[in-house]
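Enquirer: Pasting a structure here, questions to come.
FYI, it's all coordinate maths here, none of it is from the lab. Keep in mind that this is a model prediction, so the values were computed, not measured. Backbone-built Cβ (ideal geometry, glycine too); neighbour counts: all protein chains shown.
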């Protein structure tokens, strides 16, 4: 029921398997443990130059790329600087043209034609009033501390604060003081004159300067007859032209017959040189 398995080869020395528990095995293990740091040091000594060489090669490649990028950006910067100089030159030319255009349009916009002014005065003169003289004077306007353009004015349009104030003095005669007062009121309503600067300087009752002429065939019969004309009121009225620009008075200028100026201003408005 039981079987024995006996191997007598284990008792013979030549067939006995070697074990690692002897002194020789221990010596071999000690030798391998001593060689391990040496092998590690050699590996590190080999890997370190390779790593340094790889890093140096990578840095050289990156430096070349950055140098190439720097050259490209420097070339673009030079081109942009040239374009900036050209743009500055163009802007300077545009500014000069706008200044010249604004000066030209400002001249047209400040014109108050005498034909329109006289027509307006003629229409506002009552029947009993006669105008003998109109005298024009100019007074320099005070310079403002800071020139401020009017709202809605075109860019580059010159300010009108330094334009001399044009004053007019009307003198003549009227039948009555009421006629003089009515004439003064009608002038104050005119869009061409300043309401607060239109005032009566003087008015006085004087002899009528009109001379009567008697026909030749009636001189003998009328020698003993004397004629005395009614006295008249001699007046002086002072006024100033309005500061409103011609573009603001187009309707009145057109009604007064200043067709040429109205046409020029409307043409400048269509081109955008004067704001509507």
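Enquirer: Running Debye on region 32-110 with equal point scatterers at the Cα sites and no solvent, what base-10 log of I(q)/I(0) appears at q = 0.18, 0.26 Å⁻¹?
Expert: At q = 0.18, 0.26 Å⁻¹ the computed log10 ratios are -0.88, -1.08.
Enquirer: Another question about this same structure. Pop the C-beta distance of residue 138 and residue 76 into the FRET formula with R0 = 51 Å and round what comes out to the nearest 0.05.
Expert: Efficiency at R0 = 51 Å is approximately 0.30.
Enquirer: What order, most packed first, do the peptides 181-187, 52-58 have when packing is the mean number of other Cβ atoms within 10 Å of each residue?
Expert: The densest-packed peptide leads the list: 181-187, 52-58.
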